[in-house]
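Please read the structure below before turning to the comments.
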Amino acid sequence: MKNGNTSTMNGSKPSRWIKLLTPARDASIFFIILSWFLILVLLKKRIINPGITFKFILLIIGMNLLIILISPILNPLYKLILKGTQKLGSLIFSLITAIVFIFILTPIAFFKRLRGHKAIETGYRKDLPTYYRDYEPSKDIEKQY
């Protein structure tokens with residue numbers, strides 16, 4: 001499928017229904033999984049009878065078929081939920097990063113500066129011919145690096 005070509009593998013054109021339902025496939029999968037989760041929660045809370053009967057199985061199958069049929073209508077809601085979770089995830093990532101930086105990295109850097117530790121040699125020293133340091137491996141096998 002290159003350059004907007006909507007033909008199938010064998011070169012034939014897909015039917016009108018496949019074209020209609022293809023963009024909403026992700027939405028239908030999302031809402032079917034959401035409905036299964038809702039049924040499991042209702043079973044766990046004993047809001048609905050946990051006995052698996054023929055009517056209950058037909059209800060689940062019918063609900064899944066209904067979701068598949070109305071998935072083009074649910075597609076905008078799916079996109080809205082997707083954008084909302086993306087914004088929420090970005091916010092949570094920013095908060096966690098800020099908390100780690102403020103409460104972990106800043107105190108470490110503060111205590112290292114109090115001890116006089118310099119992580120990077122700064123400044124230009126005219127007395128050195130080169131800044132290269134020769135690597136000298138440790139004789140102790142446990143502390144090679």
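FYI, it's all coordinate maths here, none of it is from the lab. Just so we're clear, the structure is a prediction, and the values are computed from it rather than from any experiment. As a convention, Cβ positions derive from the backbone with ideal geometry for all residues, glycine included, and neighbour counts pool all protein chains shown.
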(message) Between Leu59 and Ile96, what's the calculated FRET efficiency when r is the beta-carbon distance and R0 is 30 Å? Round to 0.05.
(response) 0.15
(request) Of the listed pairs Lys87/Lys112; Lys44/Lys83; Lys118/Lys143; Lys45/Lys83; Lys112/Lys139, which have alpha-carbon separations greater than 32 Å here? (result) Lys87/Lys112
(message) Just to check I understand the Karplus step: with θ = phi - 60° and J = 6.51 cos²θ - 1.76 cosθ + 1.60, what whole-Hz values come out for the range 68-84, glycine and proline as x?
(response) 5, 5, 9, 4, x, 6, 7, 4, x, 5, 4, 5, 5, 5, 5, 5, x
(request) Set the Förster distance to 35 Å, then compute FRET efficiency between Ile81 and Ile108 from the Cβ-Cβ distance, nearest 0.05. (result) 0.35
